[in-house]
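The values are calculated or read from the model by the stated rules, or taken from the named source; none is laboratory data. Predicted, not measured: the structure shown is a model, and the values here were computed from it. Here the Cβ positions follow ideal geometry from the backbone for every residue, glycine too, while neighbour counts run over all protein chains shown. Keep in mind that these areas ignore ligands, DNA and RNA; they rest on the heavy atoms of the full protein, side chains included. Shrake-Rupley method; radii C 1.70, N 1.55, O 1.52, S 1.80 Å.
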There are 2 protein chains.
Amino acid sequence: MTKLIIISHPEIENSTVQSFLLEGLNQAKLDVDVVKLDRGYDIKELQQKILQANEIFFQFPLYWYHAPSSLGKFQEDVFTNKFVAKIRDANAAKLKKLSLIVSFSDKLADFQAGTKIGHSLSELLSPYQSFATSLGFLFEPTFVIPQFQYQTEDAQQLLLINYLQKISRSNQSFLKRGEWLLKMLETQQQDELLIDYLRQQLAEYETLDQTIKDLKDGQE
Amino acid sequence: MTKLIIISHPEIENSTVQSFLLEGLNQAKLDVDVVKLDRGYDIKELQQKILQANEIFFQFPLYWYHAPSSLGKFQEDVFTNKFVAKIRDANAAKLKKLSLIVSFSDKLADFQAGTKIGHSLSELLSPYQSFATSLGFLFEPTFVIPQFQYQTEDAQQLLLINYLQKISRSNQSFLKRGEWLLKMLETQQQDELLIDYLRQQLAEYETLDQTIKDLKDGQE
């Protein structure tokens with residue numbers, strides 16, 4: 001299972017949220033390939049990576065309600081007619097997933113009719129959905145990061161957990177994801193309060209899960 | 001009344017539709033300023049042009065369901081925090097108009113739910129609408145050019161007329177626009193059939209217009 005994160009950001013090193021996510025990826029030692037478009041890339045090499053990946057993430061801040069220009073340049077450079085045919089064939093043989101990881105400084109509530117922005121995030125991001133579906137990718141829900149700089153440290157930690165789960169195992173059951181998360185937090189020696197809270201929550205879920213199984217067994 | 005057309009296209013000289021529109025603009029001798037982003041630009045000079053313009057057009061082909069990357073780069077370069085404040089003030093004092101002129105090779109019918117694209121043009125272009133409204137511009141309807149290369153010569157000629165009308169006097173009455181158009185076609189020595197057709201149509205409208213006025217006078 002090969003995962004590829006393609007980051008579009010003209011100043012990654014000056015971005016608190018991008019540095020935070022990259023640091024989290026490093027610590028979690030997830031098996032993902034990260035490409036930073038604004039550092040330059042070899043077109044053929046990147047085409048090869050995309051062909052080999054099972055899951056692709058476009059990660060970027062919202063600049064004027066779309067991705068920074070380096071993502072558009074990447075689409076123009078990499079998705080040539082010849083490569084488009086290859087990707088469509090690859091997707092027809094074995095479906096690849098594509099999703100977005102988008103950060104922005106506006107409030108989530110600003111993305112609706114009646115505001116200055118006036119559109120939902122789904123509308124604004126529709127060009128990327130059309131890109132994905134027209135190439136035969138399965139377009140998955142966007143991971144949204146609003147106003148990172150105003151979040152508390154705990155909220156940021158939870159965000160990181162959700163981000164790492166999004167990247168690593170989006171299709172696992174709630175229980176499995178919780179167990180995975182607990183292990184990760186423990187090895188990372190994260191906030192004890194958070195770990196305790198999660199441990200309690202998981203125990204409750206396990207009880208619930210068992211009760212449901214018992215009920216089902218009783219019905220048979 | 002200053003008009004500014006900002007073209008985003010990496011290969012204008014190889015584009016039949018862009019060459020055709022530019023040639024039409026030249027022939028019609030309209031008083032507009034044209035900036036070709038991919039030829040490079042001076043940021044301060046361009047900011048000045050935008051501040052002085054009453055009406056701005058972003059003209060581009062649809063690349064992967066959004067504008068080419070040079071338009072995004074232009075937004076990043078030119079719309080700095082300082083300039084954004086200036087533009088908002090300028091728009092608050094006297095509203096500027098902003099609209100899009102968009103060409104694409106897909107059929108118009110491909111822009112809807114149930115297709116591979118799966119979205120309307122309005123949805124796909126919503127980031128530019130949000131850009132316009134968040135800066136206080138009046139966002140006007142998009143001028144759409146589908147499948148230019150498959151159009152007959154007559155259809156292309158009509159398209160040019162509509163394009164020039166869009167640029168030059170979008171708020172005139174139908175009758176005034178017709179008269180203007182007729183004069184333009186005559187000076188350009190265009191297709192006689194088209195001129196005759198238009199002359200007849202205008203005569204009919206004038207009669208109708210007069211009838212309506214008479215009826216109104218009778219009611220008073």
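For region B:114-164, name all the residues that are of a type in the set (S, T, N, Q), over 30 Å from residue B:87 (Cβ atoms) and more than 10 Å from every other protein chain (Cβ to nearest Cβ).
Of region B:114-164, the ones of a type in the set (S, T, N, Q) are B:115, B:120, B:122, B:126, B:129-130, B:133-134, B:142, B:147, B:149, B:151-152, B:156-157, B:162.
Next, only the ones that are over 30 Å from residue B:87 (Cβ atoms) stay: B:115, B:147, B:149, B:151-152, B:156-157.
Within region B:114-164, B:147, B:149, B:151, B:152, B:156, B:157 qualify.
Out of all the residues in region A:67-100, which are away from chain B (no Cβ under 11 Å), touching a strand residue (DSSP E or B) at 6+ places or on another chain (Cβ under 9 Å) and more than 14 Å from residue A:53 (Cβ to Cβ)?
The answer is A:100, and nothing else.
Please state which of the following conditions residue A:72 fails to meet, knowing it meets all the rest: (1) open to solvent by 30 Å² or more (accessible area, probe 1.4 Å); (2) under 24 Å from residue B:74 (Cβ atoms); (3) touching a Pro at 6+ places or on another chain (Cβ under 7 Å); (4) not aromatic (Phe, Trp, Tyr).
The failed condition is (1).
Among the residues of region B:42-63, which ones are more than 27 Å from residue B:31 (Cβ to Cβ) and open to solvent by 50 Å² or more (accessible area, probe 1.4 Å)?
Result: B:63, single match.
Restricting attention to region B:137-165, report how many residues are outside any strand (DSSP E or B) and closer than 19 Å to residue B:4 by Cα.
Summing the residues that are outside any strand (DSSP E or B) and closer than 19 Å to residue B:4 by Cα in region B:137-165 gives 10.
Identify, from the list A:149, A:112, the residue that is within 24 Å of residue B:133 (Cα to Cα), open to solvent by 10 Å² or more (accessible area, probe 1.4 Å) and polar (S, T, N, Q).
Just one listed residue meets the conditions, A:112.
Given (1) surrounded by 21 or more Cβ atoms within 10 Å (Cβ to Cβ); (2) more than 9 Å from chain B (Cβ to nearest Cβ); (3) outside any strand (DSSP E or B), where does residue A:103 come up short, assuming only one miss?
Residue A:103 satisfies all of (1) surrounded by 21 or more Cβ atoms within 10 Å (Cβ to Cβ); (2) more than 9 Å from chain B (Cβ to nearest Cβ); (3) outside any strand (DSSP E or B) except (3).
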